[in-house]
1. Is at least one residue of the range A:326-339 over 24 Å from the mean Cα position of the chain (by Cα) and closer than 30 Å to A:V168 by Cβ?
2. Here are A:R241, A:R229, A:R265: which of them is charged (D, E, K, R) and surrounded by 20 or more Cβ atoms within 10 Å (Cβ to Cβ)?
3. Please determine, by comparing only the residues of the range A:348-372 that are buried (at least 17 other Cβ atoms within 10 Å of the Cβ) and more than 20 Å from the chain's Cα centre (by Cα), which one is nearest to A:S452 (Cα to Cα).
4. Taking into account only those residues within the range A:409-425 that are more than 14 Å from B:A62 (Cα to Cα) and more than 7 Å from chain B (Cβ to nearest Cβ), which is surrounded by the most Cβ atoms within 10 Å (Cβ to Cβ)?
5. Does the range B:8-24 include one or more residues that are at pLDDT 85 or above and within 14 Å of chain A (Cβ to nearest Cβ)?
6. Taking the conditions exactly as written (aliphatic (A, V, I, L, M), more than 13 Å from chain B (Cβ to nearest Cβ) and more than 22 Å from A:R341 (Cα to Cα)), does A:L399 satisfy them or not?
7. For the range A:168-212, what are the residues that are acidic (D, E), assigned to a loop (DSSP other than H, G, I, E, B) and under 19 Å from A:F81 (Cα atoms)?
8. When you check A:E127 against the structure, is it out of contact with any Leu (no Cβ under 9 Å at 6 or more places or on another chain) and more than 20 Å from A:S452 (Cα to Cα), yes or no?
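The values are calculated or read from the model by the stated rules, or taken from the named source; none is laboratory data. As the structure is a computational prediction, the values presented were derived from the model and not from experiment. Using ideal geometry, Cβ is built from the backbone for each residue, glycine included, and neighbour counts are taken over all protein chains shown.
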Amino acid sequence: MTHRRWLIAAIAVALTVAAPAAGQSPGARPELVWGGDAEGGAPFVAADPADPSRLVGFDVEVAQLLAEGLGRAARFQQVGFTSLDLAAARGDFDIGLSGIEDLPARRTRLAVTIPYYQFREVLTVREADAARYRSLADLRGRRVATLGATLAYELLAGAAATHGAVPVTYEDDVHPYSDLALGRVDAVLLDEVLAKRGVRRNAGLFNQAADVGAGTYVGILAMGNAALRDRIDELLRAAMRDGRLEAIFRRWEMWNDDQPRLYARLTTEAGQGQVQEGSRAVEVVAAPEEPSGWAAAARYLPALLRAAGITLVLSVLSMALAVALGTVIASGRVYGPAPVRVALTAWVEIVRGTPLLLQLFVLYFGLATVVQLPAFLAALIGLGLNYAAYESEIYRGALEAVPPGQLDAARTLGLSTWQTLTLVRAPQAFRLALAPMTNDFVALLKDSSLVSVITVVELTKQTSIFAANIGSWVIPGAMCAALYLSMSLPLARLARRVEKRWQR
Amino acid sequence: MIPDQRGAGAPAGRVLEVSRLEVRRGGRLVVQDVSLSVGRGEIVALIGASGSGKSTVLRAIAGLDPIAAGRIIIEGSADGGAPVRATLVLQFHHLFAHLSALHNVWLAPVHVHGRARAEAEAQGRVLLDRLGVGHRAAAMPHELSGGEAQRVAIARALAVDPPVLLMDEPTASLDAARRDELATTVRGLAADGRTLLIASHDSAFVEACAHRIVVMEGGRVQ
């Protein structure tokens, strides 16, 4: 009892000491924690090229402006772009500012500020196609890249239904343009800020002038944080009136005639309800009405099943490649001459010692100037090569675990080295390797979710799109887990059955 | 140096002729100046304490370990094109763990000697029957008793019709009754004209079956 009381006292002391340190250090100003994705880059949020420990961008300056108005110190919180909504709802930060678009779906789940910038969606094509692909209607059957969970994506999803364009979603806003230059996609639909940057960075691209749609950037807060949102709205209005926002956007060369019109409308209106009106007055293409819960689950099930099919096909083909290649590597390491053994060992250690994610990036984006692998093929090769390294280690271990007496028995009967390998050593090694191989296949099934970074939409990616759309991970997560299990459990069962048969 | 296993050169009636054999292991001389010969239908026992070099001599004759010096001459086997080899029945049998008893027996005749599978299988059954384990043809190695595995291993060695059958400590895993049975089996093989060289430190077994005894100590023949 005494011990426990001491323990409780110690924890209480630790908490009282730690709490102010975690929240706001005593004496210092309270903080405004703002979330954004520094991977989004300039002009939104980016590391300062002169001092990478510092952040620059118009969103950084807007955050600074808001923090000053609130009498707080701005502190940046890095969150992946596609996770910003969920992080805001969780309260990971006070406000999210990262070129976040005002979508109807956001307003149902989050407290959204008044817009602080209006943009137009721009269709970017290769210069050679400028006359051919003028609008989404010209892109029937063509691959059009965009960023997931954006207004552009909603527009593109609509265009897929009406004009037959094929949407390809990316996790970032850099590779859609580089892939367009390489010919992997035929167009990119994103906001003009990104489009201008994309054309600047990649030679031979052209931004179509036609207006595809328009949207605005807003700040997002947790639903329960409406009071802070209202104060921030007032701060934004004040900054619109006194030209501080204009100064920020002029500095980033983003100021245009759309902004004064937007600001005039917002500053003349008063009150919460009209703010909503104001933002709606902007010509925004609304996302389709979203059902919730089980209705949504039923609607998404076919897409999830298709994605599960892609996961399964990709995993099976990758594993086949890994087994074939792993066998060759293992044989080389056991039977090969010294230089071959050294080279293969080095290869295995390099592949095992670097992240699969990096290997996928290098294969798909890094090698793109040399060889342009289609996304699915790059995913297959990436997973196959990576797992081949692990398989080869299993097979090598299994080959070496076959008792030397078995090999002596084969030799004394006159079997050649090759016959000894194929008739005696490999079949016995395979029995030893089966359990770890099954393990690896289940691991591969799950690791295949990483290929979404190179635009392959498999089960996990489809689930996260689903979750982002309905704003909850509960039902999509359960469905995703059930689908993974329905693939891995029968496999484990089959492996156990084969093992039992061998141990008969 | 590879053992000289040409089919000619052995004196008349002698199937195996070993002269001045030397084997090194890790630079150390483990067998030196060993000479011995075995005639057709003869059973020679190589006896001596553990580490006296008996098994090493058998492995050298079987071609499993390289020799440092000396000559090993084996008379041609009855089998036509196949390489002339003395076949060694290893101490712990080492039946191929993933194959049935019968499959163990026909594997080498089919893959090494190019016999038809049906013919090799039929011959395998005859051999297993003769050694008294015909009823265990379908059993997997781990299902066999020590004595049964020993017999299947002998059948597997005989299936390639070797000029000399080498056996390393054949009684190691057998009880007294099985040991006597094995002695009878071995005598029967010799009576059929088989040539056997058996390494053993089991004096009762050796007395029960060997025609001649060669004693080894410290890597040399005494």
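1. Within the range A:326-339, not a single residue is over 24 Å from the mean Cα position of the chain (by Cα) and closer than 30 Å to A:V168 by Cβ.
2. It is A:R229.
3. That would be A:V351.
4. Taking the range A:409-425 first, the residues more than 14 Å from B:A62 (Cα to Cα) are A:416-425.
Okay, now just the ones that are also more than 7 Å from chain B (Cβ to nearest Cβ), so A:416-418, A:420-422, A:425.
Details: A:S416: 13, A:T417: 12, A:W418: 9, A:T420: 19, A:L421: 20, A:T422: 13, A:R425: 22.
Step by step, filter the range A:409-425, then rank; the result is A:R425.
5. Among the residues of the range B:8-24, not one is at pLDDT 85 or above and within 14 Å of chain A (Cβ to nearest Cβ), which makes the answer no.
6. Taking the combined requirement at face value, the residue does not satisfy it.
7. Answer for the range A:168-212, where residues must be acidic (D, E), assigned to a loop (DSSP other than H, G, I, E, B) and under 19 Å from A:F81 (Cα atoms): A:E171, A:D172, A:D173.
8. Considered against the rule, which asks whether it is out of contact with any Leu (no Cβ under 9 Å at 6 or more places or on another chain) and more than 20 Å from A:S452 (Cα to Cα), A:E127 comes out as no.
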